[in-house]
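These notes concern the structure reproduced below.
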Amino acid sequence: MTSSLSRRRLLSSAVAVAGVGLFGAAARARAASLPDVGQTFDLSLNVFGATMMVNLPPPLPTLNFLGSRTLKITSVGDGQVGYQTLAFTLQASHPLFGAITLALPEEGDAGSGTLQMPNGDVLDTWHQPMTMTLERCADCSGPFRFDTVAAARWQGSMPAFPPPAQGTGADGSPTGGVLYQNQEPIGFGLPGSAAGTQARAWKGGNQPNPDCPGCTLSNPLPGQVTGGGADQYVQLQGMNANQGLLTS
């Protein structure tokens, strides 16, 4: 009886030790799949068929953006790493507004994100405040500038980070990369609208262009006010972005 109990105890201990070892190996494998602190990545970006909500009757402008972003891994935590945005730009064009550029804000938070492995794949959660610059508004000269009232948010899942490089198929369709889903519409208000920023003087007045009050960009969108009380003048919807490692 004593011998049998001893064997069972030894077996139980061995199983427990093996379980700890397997768990530790799995944790190490997950950690090894995430980038190291200090690594920098350049990613290409494209957004097709985004809708720009402004004070215009339907059909609303539809935009295709091309651009890139650069991020640097800055921290490591429990099952995740954090990163900071070093560079970001997206550009589109429209007959009414000319060149439309999204870029890092002039001040404040430059953007950040986390890479986690909740289910075996890498989940990238990206937060990006930005400034929108429109070249013109019909016959009104610009530039017209707006800040995000809250940072834009994207999520993308992939077997490993970074996502594979993007390419073009024989029929011209895009290949490679990973689709990042935009988590909610991106609202833009007057410069300094975002929480924690200070309103900046612009063309000597509080309107985007006081010399052109009839421009659609000079009036906020009806019913689009953020929780912080900031009016939205422009909103981008359907900003799902395909991203891939940018190769030289």
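The values are calculated or read from the model by the stated rules, or taken from the named source; none is laboratory data. Worth saying up front: this structure is predicted, and the values here are computed from it rather than measured. Cβ placement follows ideal geometry from the backbone for every residue including glycine, while neighbour counts extend to all protein chains displayed. Just the protein is used for accessible areas: all its heavy atoms, side chains included, with ligands, DNA and RNA removed. Shrake-Rupley method; radii C 1.70, N 1.55, O 1.52, S 1.80 Å.
Expressed as a whole percentage, what fraction of the accessible surface of the stretch 125-170 belongs to carbon and sulfur atoms when a 1.4 Å probe is rolled over the protein heavy atoms?
51 percent
How much accessible area per residue does the stretch 50-131 have, counting only protein heavy atoms and a probe of 1.4 Å, in square angstrom?
Per residue, the stretch 50-131 has an accessible area of 43 Å².
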Within the accessible area of the stretch 30-74 (1.4 Å probe), percent carbon and sulfur: 54 percent
Stretch gain in nm, segment GLU107-LEU56, where the contour uses 0.36 nm per residue and the Cα spacing is subtracted: 15.3 nm
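If you add up the charges near GLY187, with Lys and Arg at +1 and Asp and Glu at -1, over every other residue whose beta carbon is less than 11 angstrom from its beta carbon, what do you get?
Cβ neighbours under 11 Å give a net charge of -3.
Determine, from the Cβ-Cβ distance of SER141 and THR175 and an R0 of 45 Å, the FRET efficiency 1/(1 + (r/R0)^6), rounded to the nearest 0.05. Could the numbers behind the result be given before it?
On the way: r = 40 Å, r/R0 = 0.89.
Efficiency, rounded to the nearest 0.05: 0.65.
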Potential lengthening between LEU66 and THR89 on full extension [0.36 nm per residue; Cα-Cα distance subtracted]: 7.5 nm
